[in-house]
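Everything below concerns the one structure shown next.
The values are calculated or read from the model by the stated rules, or taken from the named source; none is laboratory data. Model, not experiment: these values are computed from the prediction. Every residue, glycine as well, gets a Cβ built from its backbone with ideal geometry; the counts of neighbours run over all protein chains shown.
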Amino acid sequence: MTDRNDSDGSWPSLRVDDWTPTRDTLHMWTQIVGKVRMTLSPLINHWWQVTFYVSARGLATGAIPVGTRMLDIEFDFVDHALVLRTSDGGIATVALEPKPVARFYGEVLEALTALGVDAPISATPNEVDPAIPFADDLVHASYDADAATLFWRQLVQADRVMRAFRAHFIGKVSPVHFFWGSFDLACTRFSGRSAPPHPGGAPNCGDWVMVEGYSRELSSCGFWPGGGEEGAFYAYAYPEPDGFADAAVGPDGAFYNSDFRQFLFPYEKARTATDPDAAVAEFLQSTYAAAADLAQWDRRNLECDPRRWDVEPGRQSMS
């Protein structure tokens, strides 16, 4: 599982088949923590208030308002602990180790209570089928610490490249963030125009959730730890413009999946490329350009050069 073909080990290999039980358990654990953030946070367009962010140790919620205090929660994939902290100095931890979802759920509730945080959540997972209530889930109980660390290291690489890609857009654009419902890292650009109501259809998830998420015309990209042998980068547009599926995109190995209605670039293709960063960047840019051109986005006023201040005459670089 830990064999790596890249030159310095920064793009790790992690076969999907080797860690599926851990991935499925971790998916449920992230939903529990994500729902805590959701119940305590005011709505931000497209559900941006519910997501996690890649951190220097794992996946973190960022600061969550709790009355006059702040709470943050982090999946630490170095020391393998869920760490809960409050702005008044409180701290609680839950071990990340093999245990059923039901036990993890109870331990998270106990940790919140110890910190004086009341966060009643909808205690059933979304976007999965079957949706076993957290308190009853004795099925998902795997945790391979090495696999969890490798997954986080995959996210670190995807996050780096996606942040650089995000910086070239001056229009409305999401953070690079992790959605616990679909269990993927995403970044979304918007044209500024409204979109037709999304038809919904995600399992155990109200259609109104997708209507909010897709209320504006968009081009989205990300990394999903499924598809391909080691996960896949993806890109799609909503609404999908005519001709998008037939667009010429790069690099070699990228293809359109008609079942998912999105382009995919297998992670293993990126990892083994001569320049993984450049390969992923080409995929992100070429798929975005196809969506934006076919839908006639105002690219001139939506895009920018993130290094535009570096070489201004008479001004010293800030870097």
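Points to keep in mind about this one:
Here is a yes/no grid of residues against (1) in the same structural domain as Ser182 (by TED's automatic domain parsing); (2) touching a residue at least 40 places away in the same chain (Cβ under 8 Å); (3) more than 25 Å from Leu185 (Cβ to Cβ):
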position: Ala81; (1), (2), (3): no, no, no
position: Val94; (1), (2), (3): no, no, no
position: Pro100; (1), (2), (3): no, yes, yes
position: Phe104; (1), (2), (3): no, yes, no
position: Val108; (1), (2), (3): no, yes, no
position: Asp118; (1), (2), (3): no, no, yes
position: Ser122; (1), (2), (3): no, yes, no
position: Pro125; (1), (2), (3): no, yes, no
position: Leu150; (1), (2), (3): yes, yes, no
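- If the condition is being under 24 Å from Ser286 (Cα atoms) and either assigned to a loop (DSSP other than H, G, I, E, B) or in contact with an Asp or Glu (Cβ under 6 Å, 6 or more places away or on another chain) (or both), then the range 184-214 contributes Ser191, Arg193, Ala195, Tyr214.
- Inside the range 35-54, residues that are more than 14 Å from the chain's Cα centre (by Cα) and not in a helix (DSSP H, G or I) make up a count of 4.
- Residue match in the range 152-162 (condition: in a loop (DSSP other than H, G, I, E, B) and either touching a helix residue (DSSP H, G or I) at 6+ places or on another chain (Cβ under 7 Å) or without any contact (Cβ under 8 Å) to a residue 12 or more places away in the chain (or both)): no
- For the range 108-152, filtered to residues that are crowded, with 16+ Cβ neighbours inside 10 Å and of a type in the set (Val, Ile, Thr), the residue that is farthest from the chain's Cα centre (by Cα) is Val117.
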